[in-house]
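Trainee: Dumping the structure here so I can ask a few things about it.
The values are calculated or read from the model by the stated rules, or taken from the named source; none is laboratory data. Keep in mind the model is a prediction, meaning the values are calculated, not measured. We place every Cβ from the backbone using ideal geometry, glycine too, and count neighbours over all the protein chains shown. Each accessible area value is taken on the protein alone, full model and side chains, heavy atoms only, with ligands, DNA and RNA left out. Shrake-Rupley method; radii C 1.70, N 1.55, O 1.52, S 1.80 Å.
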Amino acid sequence: MGLAIRLGIRNLARHRWRSLLTLAGIAAAVGLMIWTLAFVDGWLALMVRAATGMETGQLQIHTPEYVDQPRVFHTFTPDEELWAAVRGAPGVEAAAPRVRLFGLIGNDRTSQVGRILGVDPGLEGEATRVVDGLSEGRWLAAEPAPVPGPREVVLGQGLATQLRVGTGDELVVFLEAADGSLGNDLLEVVGILSTGNAAVDRGTAYLHIDDARFIAALDGEVHEIVLRTADPEAAPTVASGLDGGVPDGLAVRPWQELLPGLNQILTVSSNSYLFMYLILYLVAAVGILNTQRMSAQERRREFGVLMAVGMAPRRLWGVLVVETLVLGFGGALVGGVIGTGIAWRHATAGLDLAAFTDQGGFTYMGVMFEGRILAEMSVQAVVQPMVVMLVVALLSGLWPAWVASRLDPAPTIAGRT
Amino acid sequence: MLLRLAWRNLWRQRARTLILISAITFSYTLLLVAMGLGDDSHQQMLDAGIEGAGGSVLIHHEGYWETLAGDLVIQDGLEVVRQASEVEGVAVANPRIRTPSLAGTSAGARALELIAIDPALEARLADPHEHLTEGERLDETELRNPVLLGVGLIEALEIEVGDRVVLTASRPDGELTRGLFRVAGFLDSGLGQIDEGVAFTTLDAARGMLESPEIVTQVGIVLVGGALEGEVAEALRRVLRVSEPLEVLTWREALPEMVGYIETDDAFLYIYVAVMFVVVAFSIANTFLVAVTERIREFGLLNALGLRSGRLGALVLAETAVLTVVSLAVGLALGLLAHTVISSYGIPVATWGVSEMELAGLDISDMVIRSKIQPMKWAVATVAVMVTTVGSAIFAAVRAARLLPAEAMRFYE
């Protein structure tokens, strides 16, 4: 083996230009693959974070009737036992109650249709990262504002723009209450949210849960409980674990069920890199194959002599395969360094979408992609493309090596082939 | 002569040439197919976006599009429609009233957007009646104040065709107002946004409820075939004269998020294609480098026979050019074949496991991607590929040109 590697390296060095060009091709493919994996990981993580982390949470609990038909009166009243069961379940890190309402929010100029979330300010902050999304003002106070003062509301950025209000402005909410009456009340904007979750930013208003209950004529009831799990991927397992511990046949659903569209896109996107492998590496493999074939053909007399002086065909085959492997390894290494370098830069400084579109960004699957997208580095993203390339190089070296090892020494040396 | 020589030289190394041709062909075909699929899906998204927005060019009261505020209406709406209709390139100037509202019945209330339309004009862009599953068209029903609702509201509001629905909305002056409407029919579009979030009614009914006889929220322009939205928008900005401030937006300006997505998507495709061709180019450069070294005696002989060194370099380039042209011809044929097949069968996105997408606030469901050729784009791509592949042999060509005949002939294998 030592001899084979020495021979291989010497042969490659003898044709410096050729080896460098092949190596550069391999490096370009590996580098792009590493960057792709890191970027796709970052992209998907951003989607999951923005979609589940800000508002949906990883799990939600509703009554089956609410799942079927989200109506204001399909509520339940969680007791201490339920809270204990939910919070004690393995994998659950936080749980928060919510009242979920729809209504018109507006002032004397205009009004907009909005989604009103009544939340416990402290618990909501534990179960989701919505508080991180505050771009202006402050989050809801722990206790509701004293009556008869206006009730506090935190608005999504888009809703605030549409209503042309900022912190300190007053609004009126108008909605269908659980008893069938029309509830309405005066609100004061205390904060504005820019979370990156389009549903929150465009059309959601957060109220203190007690205020929301008062307006909607609810008494200690909730529409949903939102849960945070340590690992978003584990949400379905946590859900099935919880199913038994939750009374009255309440429905526990992981985000994969709550946001089926997002889940589909994630599955498809996380497999899309396979296409990239297929295409880029196929092109790279053709390059390696062609180079090695030519190089073997060129040296067939040399091989003939080697065989004539006693080198076994198997051994010669080994030398040639090792040569390809060395080439593949070198290319993978160079590509690895370059790809990791670029990916690392985009993982720390981010990749500015403005480079691709003068619109600055877009929303996709309810997630706003704006400004800088951070790639996510992982050992897998770096190592996998390099290892796969080695396999590809090995495979594309097999044929030229096999052809060379089947030379008939005598006519080859004589140049009669 | 150069080309004949090049052609003959290429086929002397059949396997090598075929490998190179297949690499270039594969990459080029892939590029064409990817562009075809991308451009078609982008076009579908844009069409959906333009339909959702309301036209290729939109006229609103200044500030409406950003806020969608019910009070930002064009008071002198009918006059704007009249003036816009006379602008060159405008096929239809379609007035709409759009306002957020709350639809209520004895069973419950639902927040939705009330869109008042002229059914005949609306059909020129996208007829909501296409989705009518039950009941009658707005322009055929006998009901007073008819409204079309999405099927998603049937259960929520417990309604049937002919039932009464009360719509609550703000008047342009900010006062809340209520109107009694009757359900003329139900729409089933498959899109949550329409099936659960929109009510269509007639302009007269909406004006009656809002007590404002001439208002229009939006004038959606459908263009005459071939007219450019930018030019029409410019003309409209020049021509429209009313006493209130207006905004005239092209779909590019009205759908920045969708345009952003499409541009980003395209940019990524180009990055991948560029790297792919870099890999291919290295492989071509390599092959010709070997070919030159291998044929050093042949070149020396040609040189000694009087073929000047510049011509030798040109011969190498001619070989690449022939190789490229053959590859691109095959690639183009394959690309067109793929285009035809994909166009006639279509690729339902659902087969990849994606049934619904949200893009720029717009639901797109059950998309079937076909292929679309944009001749300019294909031409530019083809030229770029040609330059890359022929360019990658320059190094080898220079080497061939620099050979000294005596030394080259002395070379022994």
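Trainee: Report every pair of residues separated by at least 6 positions or lying on different chains whose Cβ atoms are under 8 Å apart, first residue within the range B:46-71 and without any contact (Cβ under 8 Å) to a residue 40 or more places away in the chain, second polar (S, T, N, Q) and not in a helix (DSSP H, G or I).
Mentor: Pairs that qualify, where the first residue is without any contact (Cβ under 8 Å) to a residue 40 or more places away in the chain and the partner is polar (S, T, N, Q) and not in a helix (DSSP H, G or I), are B:67/A:110; B:68/A:112; B:69/A:110; B:69/A:112.
Yes/no per residue for (1) in contact with a Cys (Cβ under 9 Å, 6 or more places away or on another chain); (2) at pLDDT 90 or above; (3) surrounded by fewer than 18 Cβ atoms within 10 Å (Cβ to Cβ); (4) of a type outside the set (Ser, Thr, Tyr):
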residue: B:5; (1), (2), (3), (4): no, no, yes, yes
residue: B:52; (1), (2), (3), (4): no, no, no, yes
residue: B:62; (1), (2), (3), (4): no, yes, yes, yes
residue: B:73; (1), (2), (3), (4): no, yes, no, yes
residue: B:82; (1), (2), (3), (4): no, yes, yes, yes
residue: B:98; (1), (2), (3), (4): no, yes, no, yes
residue: B:101; (1), (2), (3), (4): no, no, no, no
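Trainee: Taking helices (runs of 4 or more DSSP H) that do not extend beyond the range A:126-228, which have at least 3 residues that are out of contact with any helix residue (DSSP H, G or I) (no Cβ under 7 Å at 6 or more places or on another chain)?
Mentor: A:209-215
Trainee: Looking at the range A:162-173, which of its residues are surrounded by fewer than 20 Cβ atoms within 10 Å (Cβ to Cβ) and within 11 Å of another protein chain (Cβ to nearest Cβ)?
Mentor: Our first condition is that a residue be surrounded by fewer than 20 Cβ atoms within 10 Å (Cβ to Cβ); within the range A:162-173, this holds for A:164, A:166-170, A:172.
Within the range A:162-173, A:164, A:172 meet the criteria.
Trainee: Would you mind finding the one in A:268, A:252, A:283 that is of a type in the set (Val, Ile, Thr) and not in a helix (DSSP H, G or I)?
Mentor: Working: A:268 fails: not in a helix (DSSP H, G or I); A:283 fails: not in a helix (DSSP H, G or I).
Among A:268, A:252, A:283, only A:252 is of a type in the set (Val, Ile, Thr) and not in a helix (DSSP H, G or I).
Trainee: Give B:82, B:16 a once-over and let me know the one that is closer than 30 Å to residue B:334 by Cβ, among the basic types (Lys, Arg) and assigned to a helix (DSSP H, G or I). Write out each step before concluding.
Mentor: Working: B:82 fails: closer than 30 Å to residue B:334 by Cβ.
Only one candidate passes the filter, namely B:16.
Trainee: Moving to a separate point now. Of all helices (runs of 4 or more DSSP H) completely enclosed by the range B:106-225, which ones contain at least 2 residues that are under 24 Å from residue A:181 (Cα atoms)? Can you show your working first?
Mentor: Values: elements: B:119-122, B:152-157, B:192-197, B:203-210.
So the answer is B:152-157, B:192-197, B:203-210.
Trainee: If we scan the range B:351-360, do we find a residue that is out of contact with any Cys (no Cβ under 9 Å at 6 or more places or on another chain) and exposed (fewer than 14 other Cβ atoms within 10 Å of the Cβ)? It would help to see each step written out before you state the result.
Mentor: Looking only at the range B:351-360, we keep the residues that are out of contact with any Cys (no Cβ under 9 Å at 6 or more places or on another chain), and these are B:351-360.
Subset that is exposed (fewer than 14 other Cβ atoms within 10 Å of the Cβ): B:351, B:353.
So far as the range B:351-360 goes, yes, one or more of its residues are out of contact with any Cys (no Cβ under 9 Å at 6 or more places or on another chain) and exposed (fewer than 14 other Cβ atoms within 10 Å of the Cβ).
Trainee: For residue A:276, all conditions in the list (1) at pLDDT 90 or above; (2) open to solvent by less than 50 Å² (accessible area, probe 1.4 Å) hold save one; what is the number of the exception?
Mentor: (1)
Trainee: Being among the β-branched types (Val, Ile, Thr), surrounded by fewer than 24 Cβ atoms within 10 Å (Cβ to Cβ) and within 14 Å of chain B (Cβ to nearest Cβ), is that true of even one residue in the range A:182-198?
Mentor: Looking through the range A:182-198, none of the residues is among the β-branched types (Val, Ile, Thr), surrounded by fewer than 24 Cβ atoms within 10 Å (Cβ to Cβ) and within 14 Å of chain B (Cβ to nearest Cβ).
Conditions (1) within 14 Å of chain A (Cβ to nearest Cβ); (2) within 14 Å of residue B:199 (Cβ to Cβ); (3) in contact with a Cys (Cβ under 8 Å, 6 or more places away or on another chain); (4) among the β-branched types (Val, Ile, Thr), marked per residue:
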position: B:85; (1), (2), (3), (4): no, no, no, no
position: B:94; (1), (2), (3), (4): no, no, no, no
position: B:123; (1), (2), (3), (4): no, no, no, no
position: B:133; (1), (2), (3), (4): no, no, no, yes
position: B:139; (1), (2), (3), (4): no, no, no, no
position: B:147; (1), (2), (3), (4): no, yes, no, yes
position: B:156; (1), (2), (3), (4): yes, yes, no, no
position: B:162; (1), (2), (3), (4): no, no, no, no
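Trainee: Can you tell me which residue within the range B:103-116, out of those that are farther than 30 Å from residue B:83 by Cα, at pLDDT 85 or above and open to solvent by 10 Å² or more (accessible area, probe 1.4 Å), is farthest from the other protein chains (Cβ to nearest Cβ)? So that I can check it myself, show each step before the final result.
Mentor: Quick first cut of the range B:103-116, residues farther than 30 Å from residue B:83 by Cα only: B:103-112.
Subsequent filtering for residues that are at pLDDT 85 or above retains B:103-105, B:112.
Keeping just the survivors that are open to solvent by 10 Å² or more (accessible area, probe 1.4 Å) gives B:104-105.
Details: B:104: 7, B:105: 10 Å.
Per the criteria, the residue is B:105.
Trainee: Could you check the range B:276-295 and list, in sequence order, the residues that are facing chain A (nearest Cβ under 9 Å) and open to solvent by 30 Å² or more (accessible area, probe 1.4 Å)?
Mentor: B:278, B:282, B:293, B:294
Residue-by-condition table, conditions (1) outside any helix (DSSP H, G or I); (2) closer than 22 Å to residue B:283 by Cβ:
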| site | (1), (2) |
| --- | --- |
| B:4 | no, no |
| B:11 | no, yes |
| B:27 | no, yes |
| B:45 | no, no |
| B:94 | yes, no |
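Trainee: I would also like to ask the following. Take the residues in the range A:109-125 that are open to solvent by 10 Å² or more (accessible area, probe 1.4 Å) and among the aliphatic types (A, V, I, L, M), then tell me which one is nearest to residue A:179 (Cα to Cα).
Mentor: Top of the filtered list is A:113.
Trainee: Let me ask something else. If only one of A:371, A:397 is under 30 Å from residue A:294 (Cα atoms) and assigned by TED's automatic domain parsing to the domain that holds residue A:27, which one is it?
Mentor: Going through A:371, A:397 in turn, just one is under 30 Å from residue A:294 (Cα atoms) and assigned by TED's automatic domain parsing to the domain that holds residue A:27: A:397.
Trainee: Residues in the range A:353-399 that are part of a helix (DSSP H, G or I), touching a strand residue (DSSP E or B) at 6+ places or on another chain (Cβ under 7 Å) and open to solvent by 50 Å² or more (accessible area, probe 1.4 Å): how many?
Mentor: Residues of the range A:353-399 that are part of a helix (DSSP H, G or I), as a first pass: A:353-355, A:379-399.
From what's left, touching a strand residue (DSSP E or B) at 6+ places or on another chain (Cβ under 7 Å): A:353.
The next check asks that each one be open to solvent by 50 Å² or more (accessible area, probe 1.4 Å); those that pass are none.
Going through the range A:353-399 one residue at a time, the tally reaches 0.
Trainee: If you don't mind, there's one more thing I want to ask. Does the range A:59-108 hold any residues that are assigned to a loop (DSSP other than H, G, I, E, B), of a type in the set (D, E, K, R) and open to solvent by 30 Å² or more (accessible area, probe 1.4 Å), and which are they?
Mentor: Within the range A:59-108, the first condition is being assigned to a loop (DSSP other than H, G, I, E, B), and the residues that meet it are A:63, A:69-75, A:77-79, A:89-91, A:107-108.
Keeping just the survivors that are of a type in the set (D, E, K, R) gives A:71, A:79, A:108.
Answer for the range A:59-108, where residues must be assigned to a loop (DSSP other than H, G, I, E, B), of a type in the set (D, E, K, R) and open to solvent by 30 Å² or more (accessible area, probe 1.4 Å): A:79, A:108.
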